[in-house]
C-alpha cells in the first residue's frame with residue numbers, strides 16, 4: 001500500500017499533506033486535485049468490515065457518477081442522504097441514523113464516510129465519536145468552508161438555539177480536500193468559506209493576513225485563479241498546530257479558533273439558523289474587534305484592515321437591527337467559551353496575537369452592539 005500511495009503522490013505534483021497527532025486519533029489530510037482515487041485506495045487498504053456513506057443532498061445531485069463509483073468500489077454500502085441544514089444537526093435526526101447503523105450491522109471495524117459540507121461532517125463525526133464508543137470516519141469536504149476549516153479534533157451538533165452545544169473531541173482518520181469540488185461553487189459560497197480563512201489569518205500572523213488580502217484584491221473577479229492548495233493548506237496548518245498544542249481545549253491555544261465564533265453562535269441561534277455560518281463569523285469577528293478596541297488593546301488601523309478584508313471577501317459588516325440585547329447577553333453566557341455565568345470572548349491585539357478576555361462587563365458588550373453598524 002505504501003508503494004501505491006507513493007506512486008500516487010509522484011503523479012500529484014501539487015498534493016499537500018498534513019499529519020496530525022491527537023490523543024484519540026491520528027489524522028491525515030490530503031489537499032490537491034483529482035485525489036478521490038487516493039481516498040478509495042486508503043479506504044480499501046484499511047480492510048474495514050463495511051461502510052455507511054452520508055452524503056449532502058446537493059452534492060449527490062451534482063456528483064452522482066463519482067459517488068456511484070465510490071459506492072461500487074467500497075462494496076455497495078448503504079447511502080444516507082442528508083439535507084445540509086441545521087435541522088439535520090439534532091438528536092432526533094441522529095436517532096434515525098443510529099437505526100440505519102444497527103440495521104446495516106456496523107461494528108467497531110466499520111467506517112463512516114462523509115461527503116459534503118461542514119454540516120455533513122459534523123453529523124458524521126459526532127455519530128462516529130459515540131457509536132460503539134468510537135469508530136473511524138473519513139471526510140471528503142466539498143465546500144470551501146469545509147475544506148479550509150475542516151474537522152480537526154472537534155465535532156458537534158446543536159440544540160434549539162444553542163449552536164454546537166453537544167460535541168466530542170474527535171477527528172476523521174482521513175480527510176480528502178479535492179480542490180476540484182470548488183469549481184461548482186458560486187461566489188457566495190466562496191465568500192462563506194473566506195470567513196474562516198480570514199479568521200485563521202488574523203490569529204496567525206500579519207504576513208499570512210497580507211497574503212490573503214493580496215490574493216483577494218488581485219483575483220477578485222476570478223476565484224478559479226486563487227492558489228487554493230496553498231490557501232487551504234496554510235489555513236489547516238494553523239488550525240492543526242493549535243489543536244495539537246491544546247487537544248482538549250484547556251490551555252487557551254485551541255480557543256483562538258473561536259475568534260469571531262462566540263457572537264456568531266449567538267447570531268445564528270437568534271436567527272433560527274437562517275443566517276449562514278460564514279456571514280455570522282464575519283459579523284462575529286467585527287464584534288470581537290469592536291470589543292478589542294473598547295478594552296484598549298486593538299489599534300484603529302488593525303480594526304480597519306480587518307473590516308476592509310471582510311468587505312473585500314463579499315461578507316457582511318452590518319448587523320440586523322432588531323436583535324434583543326438581553327437575549328444576546330443570555331446566549332453569550334451559555335456559549336462554550338464562557339463559564340460560571342460570565343461572558344468570555346477571544347479578542348485580538350494585532351494579527352497573530354489573540355487572548356481570552358474573561359468576565360467582560362455587560363456594559364462593554366452593550367456598547368459594542370450600539371456601535372456595531374456605525375463603524
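Quick note: the coordinates plus some simple rules give every number you see, no bench work behind them. Please read these numbers as outputs of a predicted model, since none were measured by experiment. Positions of Cβ are generated from backbone atoms using ideal geometry, with glycine treated the same way; all protein chains shown enter the neighbour counts.
Taking every DSSP beta bridge that has both residues in the chain, what percent is antiparallel when rounded to the nearest 5?
Approximately 40 percent, going by the DSSP bridge assignments.
Given a Förster distance of 35 Å, report the FRET efficiency between residue 44 and residue 93 from their Cβ-Cβ distance, rounded to the nearest 0.05.
Rounded to the nearest 0.05, the efficiency is 0.75.
Once fully extended, how much extra length lies between residue 230 and residue 253, figured as 0.36 nm per residue of separation less the alpha-carbon to alpha-carbon distance?
Value of the extension gain: 6.0 nm.
For a quick protection proxy, order the peptides 329-339, 311-321 by their average other-Cβ count within 10 Å, most packed first.
Highest to lowest by the protection proxy: 329-339, 311-321.
For the pair residue 327 and residue 69, how long in nm is the line joining their label points, each one 7 Å along Cα→Cβ?
4.7
Over 5 Å intervals from 0, what percent of Cα-Cα pairs in segment 109-267 sits in each interval?
2, 9, 17, 22, 21, 16, 9, 4, 1, 0
For helix 91-103, report the angle its Cα long axis makes with the longest principal axis of the Cα atoms of the chain; keep it between 0 and 90° and round to the nearest 10°.
Its long axis makes an angle of about 10 degrees.
Provide the convex hull volume over Cα atoms per residue for the chain, in Å³.
131
Can you compute the radius of gyration and Dmax for segment 98-139, using only the Cα atoms, both in Å?
Over segment 98-139's Cα set, Rg and Dmax evaluate to 9.7, 26 Å.
Could you work out the relative contact order of segment 2-183? I mean the mean sequence separation of Cα pairs under 8 Å and 6+ apart, divided by the number of residues, in percent.
Relative contact order of segment 2-183: 25 percent.
In degrees, nearest 10, range 0 to 90: what is the angle between the Cα axis of helix 325-334 and the longest Cα principal axis of the chain?
The angle comes out near 50 degrees.
Tell me the angle of helix 36-46 to the major Cα principal axis of the chain, expressed in degrees between 0 and 90 and rounded to the nearest ten.
60
For a quick protection proxy, order the peptides 186-199, 39-52, 351-364 by their average other-Cβ count within 10 Å, most packed first.
So the order, starting with the most tightly packed, is 186-199, 39-52, 351-364.
In nm, to one decimal, how far is the residue 274 label point from the residue 180 one, both placed 7 Å along Cα→Cβ?
About 3.9 nm, to one decimal.
Jot down the radius of gyration and Dmax of segment 229-315, Cα atoms only, both in angstrom.
Calculated on Cα positions, Rg and Dmax stand at 14.3, 37 Å.
Pairs of alpha-carbon atoms within less than 8 angstrom and 6+ residues apart define the contacts here; what relative contact order does the chain have, in percent?
Worked out over the chain, it gives 15 percent.
Just order 174-180, 142-148, 127-133 by mean Cβ neighbour count inside 10 Å, highest at the front, would you?
The packing order, highest mean first, is 142-148, 174-180, 127-133.
For the chain, what is the calculated [θ] at 222 nm in deg cm²/dmol (nearest 500), taking -39500 (n - 2.57) for each run of four or more DSSP H residues and dividing by its residue count?
-14500 deg cm²/dmol
Relative contact order for segment 186-374 using alpha-carbon pairs under 8 Å, separation at least 6, rounded to a whole percent?
The normalised contact order for segment 186-374 reaches 27 percent.
Provide, in order from the shortest bin, the percent of all Cα-Cα pairs of segment 186-374 in each 5 Å bin, continuing until the bin that contains the maximum pair distance.
1, 8, 17, 22, 21, 16, 10, 4, 1, 0
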